[in-house]
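J.: Here it is: the structure, laid out below.
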Amino acid sequence: MGNTYRRVLLKLSGEALMGDLSYGIDPAVVDAICAEIKDVVNTGVEVAVVVGGGNIFRGIKGAAAGMDRATADYIGMIATVMNAMTLQDSLERKGVQTRVLTAIEMQEVAEPYIRRRAIRHLEKGRVVIFGAGSGNPFFTTDTTAALRAAEISAEVVFKATKVDGIYDADPKVNPDARRFQTLTYSYALEKDLRVMDGTAIALCKDNNIPIMVFNLAVEGNIRRALMGEPIGTLVGGSCGIS
C-alpha cells in the first residue's frame with residue numbers, strides 16, 4: 001500500500017507508555033511503539049508526536065489534591081518532557097533521527113519550540129516530538145496536539161488509545177455499545193463523546209484536520225493507521241455518522 005499521508009501528528013498519552021505498570025515507563029512498550037514509528041518513517045511519511053505525562057504526573061489530579069492548578073499543570077508539562085526524551089532515546093537507538101522541541105525552554109536537553117524549525121526538521125525526515133504541552137496551564141496535551149498539527153500543516157491527528165475507536169457508550173460497561181466508523185466534529189462535540197477534549201476537537205474542526213482514533217495495543221496498528229487503513233474511528237468535516 002502506498003503512503004496515504006505526507007505529514008501526520010501522532011498523539012500518545014503518557015499512560016500508553018506504562019504498559020501493564022501502575023506508574024512510570026515500560027521500556028519494552030516504548031521500544032515497540034518506536035519500532036512502529038520507525039517503520040512509518042522508512043516509508044517517507046513525516047511524523048510529529050505529542051506525548052502526555054499522565055504516567056508520571058497529571059496536573060488536574062494534583063489540583064484536586066489541593067495544589068495550585070497552574071503549578072500542577074506546569075509539573076505535568078515537565079513530565080511530558082521526560083516521556084519525550086524517553087521516546088527520543090528509543091528512536092535514536094533504532095537509527096531514527098529525532099528532535100525534542102519543548103514549549104518551556106530547557107536548552108540543555110531539548111530545543112525550544114519554533115514552528116519553522118519544527119517544519120524544517122520534518123522536511124529532513126526527522127521525527128519531531130513536542131514536549132511541555134503548549135507551555136500554558138489549563139490546556140491539555142490533546143489541545144496541544146490539535147494546535148501543533150495546525151501549525152505544522154499536518155494532514156491528520158492520530159489519537160492512540162486503549163480502545164479501537166469511539167463508541168456511543170462505554171464498551172467495558174455496555175456490551176451493546178456501538179462503535180462508530182466515521183463521525184462529524186459537530187456530533188462528537190454535541191454528544192460529548194470524549195474522543196478528545198472539546199477545545200482540541202474545535203481546533204481540528206476550525207482547521208479541517210481529521211482525527212483518527214485507534215487502539216494502540218494492537219501490534220502494527222500505528223503503521224496501519226498512518227498508512228490509511230480503515231481501523232478505528234475517523235472524525236472529520238465531511239464524515240457522516242456511521
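The values are calculated or read from the model by the stated rules, or taken from the named source; none is laboratory data. Keep in mind that this is a model prediction, so the values were computed, not measured. Cβ sites come from the backbone with ideal geometry, for glycine too, and all protein chains shown count toward neighbours.
J.: Look at Ala79 and say whether it is surrounded by 21 or more Cβ atoms within 10 Å (Cβ to Cβ), in contact (Cβ under 8 Å) with a residue 60 or more places away in the chain and touching a Leu at 6+ places or on another chain (Cβ under 7 Å).
T.: Answer is no for this residue.
J.: Which numbered condition trips up Lys61, out of (1) surrounded by fewer than 15 Cβ atoms within 10 Å (Cβ to Cβ); (2) at pLDDT below 95; (3) on the phi < 0 side of the Ramachandran plot; (4) not in a helix (DSSP H, G or I)?
T.: In the conditions (1) surrounded by fewer than 15 Cβ atoms within 10 Å (Cβ to Cβ); (2) at pLDDT below 95; (3) on the phi < 0 side of the Ramachandran plot; (4) not in a helix (DSSP H, G or I), Lys61 misses (4) alone.
J.: Test each condition in (1) in a loop (DSSP other than H, G, I, E, B); (2) within 25 Å of Val41 (Cα to Cα); (3) not polar (S, T, N, Q) for Ala225 and report the one that comes out false.
T.: Single failed check for Ala225: (1).
J.: Any chance you could count how many residues in the range 200-222 are part of a helix (DSSP H, G or I) and either surrounded by 15 or more Cβ atoms within 10 Å (Cβ to Cβ) or at pLDDT below 90 (or both)?
T.: Adding up the residues that qualify gives 8.
J.: Is it fair to say Tyr187 is touching a Gly at 6+ places or on another chain (Cβ under 8 Å) and of a type outside the set (A, V, I, L, M, F, W, C)?
T.: So Tyr187 fails the test.
J.: If you don't mind, there's one more thing I want to ask. If I filter the range 85-92 for residues that are under 14 Å from the mean Cα position of the chain (by Cα) and assigned to a helix (DSSP H, G or I), do I get at least one hit?
T.: We begin by selecting, within the range 85-92, every residue under 14 Å from the mean Cα position of the chain (by Cα); these are 87.
Remaining after also requiring assigned to a helix (DSSP H, G or I): 87.
Yes; the residues of the range 85-92 include at least one that is under 14 Å from the mean Cα position of the chain (by Cα) and assigned to a helix (DSSP H, G or I).
J.: Which numbered condition trips up Tyr187, out of (1) within 29 Å of Phe138 (Cα to Cα); (2) in a loop (DSSP other than H, G, I, E, B)?
T.: (2)
J.: Inside the range 145-191, can you point out the residues that are over 16 Å from Ile231 (Cβ atoms) and hydrophobic (A, V, I, L, M, F, W, C)?
T.: First, pick out the residues of the range 145-191 that are over 16 Å from Ile231 (Cβ atoms): 145-155, 168-170, 172-178, 184-191.
Answer for the range 145-191, where residues must be over 16 Å from Ile231 (Cβ atoms) and hydrophobic (A, V, I, L, M, F, W, C): Ala145, Ala146, Leu147, Ala149, Ala150, Ile152, Ala154, Ala169, Val173, Ala177, Ala188, Leu189.
J.: Evaluate the range 181-195: report whether one residue or more is hydrophobic (A, V, I, L, M, F, W, C), within 18 Å of Leu12 (Cα to Cα) and crowded, with 18+ Cβ neighbours inside 10 Å.
T.: Just the residues of the range 181-195 that are hydrophobic (A, V, I, L, M, F, W, C), to begin with: 183, 188-189, 193, 195.
Then keep just the ones that are within 18 Å of Leu12 (Cα to Cα); that gives 195.
Subset that is crowded, with 18+ Cβ neighbours inside 10 Å: 195.
The answer is yes; a qualifying residue exists.
J.: Within the group Gly44, Gly52, which residue is more than 14 Å from Ile222 (Cβ to Cβ) and either touching a strand residue (DSSP E or B) at 6+ places or on another chain (Cβ under 6 Å) or surrounded by 15 or more Cβ atoms within 10 Å (Cβ to Cβ) (or both)?
T.: Just a single option satisfies the conditions, and that option is Gly52.
J.: Further question on the same structure: Determine whether Tyr74 is more than 15 Å from the chain's Cα centre (by Cα), more than 25 Å from Ile209 (Cα to Cα), among the hydroxyl-bearing types (Ser, Thr, Tyr) and part of a loop (DSSP other than H, G, I, E, B). Even if it seems obvious, please write down each step before you answer.
T.: Values: more than 15 Å from the chain's Cα centre (by Cα): yes; more than 25 Å from Ile209 (Cα to Cα): yes; among the hydroxyl-bearing types (Ser, Thr, Tyr): yes; part of a loop (DSSP other than H, G, I, E, B): no.
So Tyr74 does not fit the description; no.
J.: Got at least one residue in the range 111-133 being in a strand (DSSP E or B), under 16 Å from Ala200 (Cβ atoms) and either in contact with a helix residue (DSSP H, G or I) (Cβ under 9 Å, 6 or more places away or on another chain) or without any contact (Cβ under 8 Å) to a residue 60 or more places away in the chain (or both)? Break it down into steps so the answer makes sense when it comes.
T.: Residues of the range 111-133 in a strand (DSSP E or B): 111-112, 127-131.
Then drop every residue that is not under 16 Å from Ala200 (Cβ atoms), which leaves 130.
Okay, now just the ones that are also either in contact with a helix residue (DSSP H, G or I) (Cβ under 9 Å, 6 or more places away or on another chain) or without any contact (Cβ under 8 Å) to a residue 60 or more places away in the chain (or both), so 130.
The answer is yes, given that some residue of the range 111-133 is in a strand (DSSP E or B), under 16 Å from Ala200 (Cβ atoms) and either in contact with a helix residue (DSSP H, G or I) (Cβ under 9 Å, 6 or more places away or on another chain) or without any contact (Cβ under 8 Å) to a residue 60 or more places away in the chain (or both).
J.: Quick check on my filter: what residues within the range 147-178 are among the aliphatic types (A, V, I, L, M) and part of a loop (DSSP other than H, G, I, E, B)?
T.: Within the range 147-178, the first condition is being among the aliphatic types (A, V, I, L, M), and the residues that meet it are 147, 149-150, 152, 154, 156-157, 160, 163, 166, 169, 173, 177.
Ile152, Ala154, Val156, Val163, Ala169, Val173, Ala177 - these are the residues of the range 147-178 that are among the aliphatic types (A, V, I, L, M) and part of a loop (DSSP other than H, G, I, E, B).
J.: Shifting gears a bit: Among the numbered criteria (1) closer than 22 Å to Cys34 by Cβ; (2) buried (at least 21 other Cβ atoms within 10 Å of the Cβ); (3) touching a helix residue (DSSP H, G or I) at 6+ places or on another chain (Cβ under 9 Å); (4) not aromatic (Phe, Trp, Tyr), which single criterion is violated by Ala84?
T.: Result: Ala84 passes all but (3).
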